[in-house]
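The values are calculated or read from the model by the stated rules, or taken from the named source; none is laboratory data. Just so you know, these numbers come straight off a predicted model, no measurement behind them. Cβ coordinates were reconstructed from backbone atoms using ideal geometry, including for glycine residues, and neighbour counts include every protein chain displayed. Areas reflect the complete protein model, heavy atoms only, side chains present, ligands, DNA and RNA absent. Shrake-Rupley method; radii C 1.70, N 1.55, O 1.52, S 1.80 Å.
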Amino acid sequence: MTEDTFDILFVEDDPEFSSGYVRWFEKHGHSVEHATTGQEAVRRCDQREFDIIVLDWNLPGLSGLELVQRMCEENPDTEIIVLTGEGTIEKAVESMRRGVFDFLSKPFSMSGLERRCKAALERRRLKMENARLREVIDRGRTPDRKMIGESKPMKSLYRLIDRVAPTDKAVLIQGESGTGKELVAQAIHAGSPRAQRPLVTINCAALPEQLVESELFGHEKGAFTGATAAKPGLFEIADESTLFIDEIGELPLSLQPKLLRVLEDGSLRRVGSHKQRRVNVRIVAATNRDLQQEVAEHRFREDLFYRINVMPLNLPPLRQRTGDIELLIDHFLGNDWEIEADARAALLNCQWPGNIRQLINTIDRAQILADDGVITIEDLPAEMTSRKKSVVSEKAPADSSIYAVMRAHLIDVLRREQGNKTQAAQILGVDRRKLYRMLLQYDIGE
């Protein structure tokens, strides 16, 4: 369906009227189904979801009022237009009170009915968009963050993002943990035609296996213990937007065929439901696993791998972005902080096995420990300076490195103050808490 077309169900027992509806709306590109009784309409709505239902008030079997009530309860996202040859104010008021979008009296023009249907479709979209936004807010959406880096690997990545973002193709982001895969997904979404809608995310590794299906596809009331109300899944929430599936390599093998089905034709069923729903979602997936190896070892479906691997993007680890580390340090420190030269050197020389996430945590920790807005070597984790210590210890006592000079100066002050740490701290211009950290950092015992 395009933006101006819709899925519509006509419920009408008059064959002359119904054939006219079907011909007109199919000619104008809409997907049309027809039911002649209220019971048949209920069965069709159990099988699939419609954008709009146009129903006659006077039907055999279920009355118009009964059918309206049932449709509004069981299909809250579907807009309903009621038709009757015996229009009265009372019927119109009662229909509107039940949740009906509009009430038309026969006869009417097909073009007029189509205009009403398009107005109903717009209300449906607004309601679903509001529901999506509420869901995103309730889930605590993470604010967008800027990608930082000017190294050659990052410039190549930017070019690929610029190429793939405006398309609707699936993207697979591969890289080590902490390299910023979600930032890349945000950049792809921001550059796409779907950017006006919020990016929806799920981390398959963060959820128990039994909850992943409900999160992705939704569930009906009573589908399992604790399902006290129907709930849309993230695919429905991401309709007309982008769904970022992080750690897709952790997706249970039993759910992979269901995900493949959505990617192939946009159809899904909530847990506990037989009703087919259709969505238009772009998939961006991410993993730190080698999915080709997972396929070879039968832990990931080959057909799903090729479906999501239309455009692979490989994120470089931080150790391969040495030119970017200093930019990242300054960005995460902010304008109100300074860092001493030896501390900066220690950060630049680190291999960063945890990538950007480790760098952020290291700077956060240093800012907690630092005094007066200045980060020193003493504020960094010991493992980041241990290599420096070992190098210094192999050198001659006259070594003039910053570490050796600082260590000798601390020892000299302590000796002159006969081990009095309070007086030594005053001479050094630090408090006792920082002096103890410095003694630990420079491996100075009692």
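Miscellaneous remarks
- For the stretch 280-289, the condition of being charged (D, E, K, R), under 29 Å from Asp7 (Cβ atoms) and not in a loop (DSSP other than H, G, I, E, B) holds for at least one residue.
- Selected residue (criterion: farthest from Leu113 (Cα to Cα)) from residues of the stretch 38-48 that are among the charged types (D, E, K, R) and either without any contact (Cβ under 8 Å) to a residue 60 or more places away in the chain or buried (at least 22 other Cβ atoms within 10 Å of the Cβ) (or both): Arg43
- Residues that are open to solvent by 20 Å² or more (accessible area, probe 1.4 Å), over 8 Å from the mean Cα position of the chain (by Cα) and polar (S, T, N, Q) within the stretch 192-202 comprise just one, Gln196.
- Selection of the stretch 113-131 for residues being farther than 16 Å from Asp4 by Cβ and either modelled with pLDDT of 85 or more or touching a His at 6+ places or on another chain (Cβ under 9 Å) (or both) yields an empty set.
- Condition broken by Glu150, with the remaining ones in (1) over 29 Å from Val54 (Cα atoms); (2) modelled with pLDDT of 85 or more; (3) outside any loop (DSSP other than H, G, I, E, B) satisfied: (3)
- Matching option when the condition is closer than 19 Å to Ile375 by Cα and modelled with pLDDT of 80 or more, among Leu410, Leu414: Leu410
- Val281 vs. criteria closer than 23 Å to Ala206 by Cβ, among the aliphatic types (A, V, I, L, M) and in contact with a Leu (Cβ under 6 Å, 6 or more places away or on another chain): yes
- Residue check, Leu253 open to solvent by less than 50 Å² (accessible area, probe 1.4 Å) and under 30 Å from Ala230 (Cα atoms): no
- Evaluating Leu59 against the criteria (1) over 26 Å from Glu236 (Cβ atoms); (2) out of contact with any Gly (no Cβ under 6 Å at 6 or more places or on another chain); (3) surrounded by 21 or more Cβ atoms within 10 Å (Cβ to Cβ) leaves one unmet condition, (2).
- Members of the stretch 271-291 found to be open to solvent by 20 Å² or more (accessible area, probe 1.4 Å) and within 17 Å of Asp246 (Cα to Cα), listed by number: Val281, Asn288, Arg289, Asp290
- When the criteria are applied in full, Ala227 meets the requirement of being touching an Asp or Glu at 6+ places or on another chain (Cβ under 8 Å), free of Cβ contacts under 8 Å to residues at least 60 places away in the same chain and open to solvent by less than 60 Å² (accessible area, probe 1.4 Å).
- Test for Asp342: is it surrounded by fewer than 19 Cβ atoms within 10 Å (Cβ to Cβ), under 25 Å from the mean Cα position of the chain (by Cα) and closer than 19 Å to Arg437 by Cβ: no
- Some residue of the stretch 376-395 being open to solvent by 40 Å² or more (accessible area, probe 1.4 Å), at pLDDT below 75, over 22 Å from Val430 (Cα atoms) and not in a helix (DSSP H, G or I): yes
- So Phe103, is it modelled with pLDDT under 90, part of a loop (DSSP other than H, G, I, E, B) and of a type in the set (Phe, Trp, Tyr): no
- Filter result for Asp4 (open to solvent by 60 Å² or more (accessible area, probe 1.4 Å) and either in contact (Cβ under 8 Å) with a residue 60 or more places away in the chain or among the hydrophobic types (A, V, I, L, M, F, W, C) (or both)): yes
- Taking the stretch 153-186 as the range and being open to solvent by 20 Å² or more (accessible area, probe 1.4 Å), assigned to a loop (DSSP other than H, G, I, E, B) and within 22 Å of Leu359 (Cα to Cα) as the test, the residues that pass are Glu176, Ser177, Gly180.
- When each of His219, His189 is tested for being open to solvent by less than 50 Å² (accessible area, probe 1.4 Å), touching a residue at least 60 places away in the same chain (Cβ under 8 Å) and either more than 26 Å from Ala296 (Cβ to Cβ) or touching a strand residue (DSSP E or B) at 6+ places or on another chain (Cβ under 8 Å) (or both), the lone residue that passes is His189.
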